[in-house]
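Chemist: The structure's right below; bear with me while I get my questions together.
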Amino acid sequence: MIRFLCTERRTVKNLTNTGMDISAKTVVCARCGIGYGRYKGNFPVSYAPSYKGIGYIPICRNCVDKMYAEYMRETDDPKAVMHQICRKLDIYWNERLFDSVSAKASNRSVTSVYLQRVAAINYAGKSYDDTLRESGELWSFDGAAATHIKPAPVYSEEQDETEEEPIDQELIDFWGRGYDREIYEDLDRRYKKWTSGLGDISNVQEALYKQVCLNEMIIAKSGAKGEAADKATKNLMDALGSLNIKPSQTKNDAQDAELSNTPLGVWLYRYETKRPLPEIDDDLKDVNGLRKYVFIWMGHLCKMLGLKNAYAKMYEDEIARLRVDKPEYDGDDDETFFSEVMLDEPPGGGDDP
């Protein structure tokens, strides 16, 4: 039976005579042939060059665990078994990383934890070729080295001493374990740039700024490799939105100056802080008439509700002041009334004096 490996959106063609019912969204394990609805959660993540096109190892998690169990039947050395799995699947092998993983993981989960850690930022993009390069065995076959090998870069003693210096414990406590020195320094530089001049910040803001720095670095590294970083970009925008510093949330000074683009609350804030209201004296004098205005019309509201209050008289006096008396035409005939009201002619038929 032919096995197919397809991405989630790749169209599967020519499936006749395969004996498999595969839809356009089926992802098939290259080892056991079982189909899954998606890569995420079912296949180990890998950014090695061999799997750059899909970002996952084409062998499901269950098969990787089975490989571990099968090799363990031949040897009782978990480290050698994990090394063999890395060699077989073109995964970067690091003995120190395995030691730190095995100290925290059980034999059943050591493969999942190691593959998860080796796909982290500081190991992303590495493969088993890098393991052989580090050991100097990449171009050695059957004990004999290949000819015309370019010499490895020569490092000075000062560089070796710098690499051996321990990483600042404060950086490890702040960002967590597992990163290289370069990563810690990059994250620390980004964090200081974002938080410069903010003073004391809350724990929530600190966590959000850390997310901003981490996702910025992921985007930068992915861009250097020509890879997409949609998830990191979304996470970055979400963190910026939570901090209210997204580009769409920051206002332009020129637009703020325009009345049509300035909310009422902003204007109130400006008048209260930049052009404050006159101070009220000890007798609570109504310097701007606002108090009187409220009392007058609140008096009308109380009157509508049938409530007695001391300000109803103020409302009645104000209404009397604003009231317009209707003219009376008791002694005029209909023609005179029509001429004065409808035609706006002066009394006497509109003749000029």
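Every number here is computed from the coordinates shown, using simple stated rules; none is lab data. Predicted model, so just to flag it, every value in this text is computed and none were measured. Using ideal geometry, Cβ is built from the backbone for each residue, glycine included, and neighbour counts are taken over all protein chains shown.
Chemist: Would you mind checking which residues have amide H under 5 Å from V28's amide H? H placed 1.01 Å from N; only 5 or more apart, or other chain.
Modeler: Placed amide hydrogens put C6, Y36 under 5 Å from V28.
Chemist: If you keep only loop residues by DSSP, which trypsin sites (Lys or Arg not before Pro) in region 35-74 have at most 15 other Cβ atoms within 10 Å of their Cβ?
Modeler: For trypsin sites (Lys or Arg not before Pro) across region 35-74 that sit outside H, G, I, E and B with at most 15 neighbouring Cβ atoms in 10 Å, the list reads R38, K40, K52, R73.
Chemist: Here's a follow-up. Would you please name the chymotrypsin sites (Phe, Trp or Tyr not before Pro) within region 21-87 that are DSSP coil residues with at most 10 other C-beta atoms within 10 Å of their C-beta?
Modeler: Passing sites in region 21-87 do not exist.
Chemist: If each residue of separation counts as 0.36 nm, what is the full-extension length gain between K192 and V324 once their alpha-carbon separation is subtracted?
Modeler: Residue separation times 0.36 nm, minus the Cα-Cα distance, leaves 40.5 nm.
Chemist: Same structure, new question: Mind checking region 62-105 for GluC sites (Glu not before Pro) that DSSP puts in a loop (not H, G, I, E or B) and that have at most 11 other Cβ atoms within 10 Å?
Modeler: Passing both the DSSP loop test and the Cβ count: E74.
Chemist: Give K88/K126; K66/K88; K126/K192; K40/K234; K40/K192 a once-over and call out the pairs whose C-alpha atoms are over 25 Å from each other.
Modeler: Pairs exceeding 25 Å: K126/K192; K40/K192.
Chemist: Here's something else I'd like to know. Note the full-extension length gain between K88 and K104 as 0.36 nm times their separation in residues minus their Cα-Cα distance, in nm to one decimal.
Modeler: Working it through step by step, the gained length comes to 3.3 nm.
Chemist: Once you list every other residue whose beta carbon is under 9 Å from the beta carbon of K79, what net charge do they have if Lys and Arg are +1 and Asp and Glu are -1?
Modeler: Cβ neighbours under 9 Å give a net charge of -3.
Chemist: Take C63, C302, C213 and order them by how many other Cβ atoms sit within 10 Å, fewest up front.
Modeler: The order, fewest Cβ neighbours first, is C302, C63, C213.
Chemist: Please report Rg over Rh for region 27-142, where both radii come from the alpha carbon positions and Rh follows the Kirkwood definition.
Modeler: Across region 27-142, the Cα-based Rg/Rh ratio is 0.95.
Chemist: Which whole-angstrom value gives the distance between the alpha carbon centres of region 35-91 and region 289-314?
Modeler: Spelled out, the Cα-based centre of one part sits 81 Å from the other.
Chemist: Subtracting the Cα-Cα distance from 0.36 nm times the residue separation, let me have the gained length for D238 to K313 in nm, one decimal. Walk me through the numbers on the way to the answer.
Modeler: On the way: separation 75, 0.36 × 75 = 27.00 nm, distance 5.79 nm.
Extra length available between D238 and K313 comes to 21.2 nm.
Chemist: What residues qualify as long-range amide H neighbours of S140, i.e. H under 5 Å apart, gap of 5 or more or another chain, H built at 1.01 Å from N?
Modeler: A146
Chemist: Calculate the FRET efficiency for K79 and R31 from the Cβ-Cβ distance with a Förster distance of 22 Å, rounded to the nearest 0.05.
Modeler: After rounding to 0.05, the efficiency reads 0.45.
Chemist: Cβ under 12 Å from K88's Cβ, K88 left aside: what net charge do those residues give with Lys, Arg +1 and Asp, Glu -1?
Modeler: With Lys, Arg at +1 and Asp, Glu at -1, the neighbours total 0.
Chemist: Between S112 and V266, take the C-beta separation as r, use R0 = 51 Å, and let me know the FRET efficiency to the nearest 0.05.
Modeler: Computed FRET efficiency for S112 and V266 comes out at 0.45.
Chemist: Then there's this: Obtain the nm distance between the two label points defined at N62 and R177 by a simple spin-label model: each point lies 7 Å from its Cα along the Cα-to-C-beta direction.
Modeler: Going by the 7 Å Cα→Cβ label model, 3.3 nm.
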